[in-house]
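Report on the following structure.
The values are calculated or read from the model by the stated rules, or taken from the named source; none is laboratory data. These figures come from a predicted structure and were not determined experimentally. All Cβ positions, glycine included, derive from the backbone under ideal geometry; neighbour counts span all protein chains shown. Accessible surface is based on the protein model in full, side chains and every heavy atom, while ligands, DNA and RNA are left aside. Shrake-Rupley method; radii C 1.70, N 1.55, O 1.52, S 1.80 Å.
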Amino acid sequence: MSLYRVGLSRGMLSSFQRVMRGEGLHTSSAVQYEYIKVDKRGEKKNVGLIQLNRLKALNALCDGLVSEIGEALQEMETDTSIDAIVITGSERAFAAGADIAEMKDKSFQDCYARKFLSHWDIISKCPKPTIAAVNGFALGGGCEVAMMCDIIYAGEKAKFGQPEITLGTIPGAGGTQRLTRAIGKSKAMEMILTGEFMSAQEAEKAGLVSKVFPVEELVGEAIKLGERIGEFSQIAAAMCKEAVNMSDELPLSNGLLYEKKLFHSSFATDDKREGMTAFLEKRKPDFKDN
Ligand code: HXC
């Protein structure tokens, strides 16, 4: 029977084949990866770390790399020991964009018929809290991947940009939409229409980034943030994330209604009872994610 028919995606199949052939460089519990490294970090090993590892090309996001991010995220999603996920790159580059060599000869028909870039959506759809830890260049698709995460931490030398216009094209993985929502129309237009980069400090001031750290402390700080989030009820964290993300999709009255429904739903959880009981008993809550 075709492996596709038993539910394996194209990306999963390529990893599966690499495992069977004994190829690949970096291993998680079940899968070997060529373009990323995966690990579990934090005192309780409850923070998943995905490190882009295509250093020669400044982590340019070739198809294989994005597929592997998707596979690692799927694995971390189902791993109940993981509460939050950090995505990072190298000190020189988070990711310098989609792979220009791979795109150069692609036609409209290739893009349209094969739904080019559709598999990138898995990053924004991850139900667990995601943190982008950005050192170096986050350009084009790299900036877009960072913006698909819930929180962006930056190293003090990070550079953000949407330089697609310099290549005769436009952002295609959310840049025109997410950047505009994050920093407002005028700044987003200026970046997108000139291709100029924004420093970490400017990005923090503009609201694209929540905190800036010394380069060598960045990933550790992102892991600590994941650990802090992991102390709470993971059902509540997932509901918070879902409600905040809905603010991009819905008008205010519908967004408020959506929030209220989730708020009411949280009263069905043991964790809500535990959190409120612990407060009144003046003790630390013991959340069971239930
Ligand atoms: C393929 C890339 C790449 C990319 C860098 N490289 N960016 N390869 N795709 N996006 C490769 C270079 O070709 C080079 O390979 C090596 O990485 C090092 O890059 P240099 O240019 O030599 O480094 P440097 O002079 O330090 O300049 C760094 C840089 C520059 C400013 C980041 O590389 C750059 O401008 N890159 C392209 C940025 C960009 O336009 N991104 C948007 C892509 S379009 P060799 O083999 O020569 O050593 C995009 C579309 C998004 O993202 C749409 C939806 C996803």
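Each of 239, 36, 58 was placed along the dipole of the chain (beta-carbon charges, centred on the mean Cα), and the one lying farthest toward the positive end is 239.
Rounded, prolate or oblate: which fits region 195-276, taking a ≥ b ≥ c as square roots of the Cα gyration tensor eigenvalues, rounded meaning a/c under 1.5, else prolate when a/b beats b/c? Because a/c hits 1.5 or more and a/b fails to exceed b/c, region 195-276 counts as oblate. Solvent-accessible area of residue 232, all protein chains in place: 120 Å² (probe radius 1.4 Å, heavy atoms, ligands and nucleic acids excluded).
Kindly identify region 57-133 as rounded, prolate or oblate by the Cα gyration tensor criterion: order the square roots of the eigenvalues as a ≥ b ≥ c, call it rounded if a/c is under 1.5, otherwise compare a/b with b/c, prolate if a/b is larger, else oblate. Please list the in-between numbers first.
Working: a/c = 3.05, a/b = 1.52, b/c = 2.01.
Oblate, because a/c is 1.5 or more while a/b does not exceed b/c.
If you take every DSSP beta bridge fully contained in region 118-200, what fraction is antiparallel? Give it as a percent rounded to 5. Bridges in region 118-200 that DSSP calls antiparallel: roughly 20 percent. Beta-bridge orientation, the chain: approximately 30 percent antiparallel, per DSSP, counting only bridges with both partners inside.
Longest exposed-loop-site-free stretch of the chain, with GluC sites (Glu not before Pro), DSSP loop and at most 11 other Cβ within 10 Å?
Between exposed loop sites, the widest span is 44-248.
What's the magnitude of the charge dipole for the chain around its Cα centre, counting Lys and Arg as +1 and Asp and Glu as -1 at the beta-carbon? Answer in Debye, nearest 20. Could you put the intermediate results ahead of the total?
Working: 37 positive and 40 negative charges, 46 e Å.
Dipole of the chain, to the nearest 20 debye: 220 debye.
How much net charge surrounds residue 240 when only other residues with a Cβ under 10 Å from its Cβ are counted (Lys, Arg +1; Asp, Glu -1)? Each step should come with its number before you reach the end.
On the way: positive: 241; negative: 150, 242, 259.
Local net charge: -2.
In degrees between 0 and 90, to the nearest 10, how far off the longest principal axis of the chain does helix 270-280 point, with axes built from Cα atoms? Between helix and principal axis, roughly 60 degrees. Largest GNM mean-square fluctuation across 245, 53, 254, computed for the chain with C-alpha springs under 10 Å, falls on 254.
Quick check for you: with a 1.4 Å probe and neighbouring chains kept, what is the accessible area per residue of the chain, in Å²?
Details: 16130 Å² over 290 residues.
Normalised by residue count, the accessible surface of the chain is 56 Å².
Taking each residue as 0.36 nm, the span from residue 274 to residue 105 lengthens on full extension beyond its C-alpha to C-alpha distance by 55.1 nm. In this structure, the pairs whose alpha-carbon distance is over 31 Å, taken from 56/224; 115/205; 40/187; 45/282; 157/241; 115/261, are 115/205; 40/187; 115/261. Listed by chain and number, the aspartates and glutamates whose C-alpha is less than 18 Å from the C-alpha of residue 185, apart from same-chain residues fewer than 8 away, are 144, 164, 196, 202, 204, 248, 249. Distance from the C-alpha centroid of region 104-152 to that of region 184-209: 18 Å, rounded to the whole angstrom.
Counting protein heavy atoms only, the chain has 56 percent of its accessible area on carbon and sulfur, 1.4 angstrom probe.
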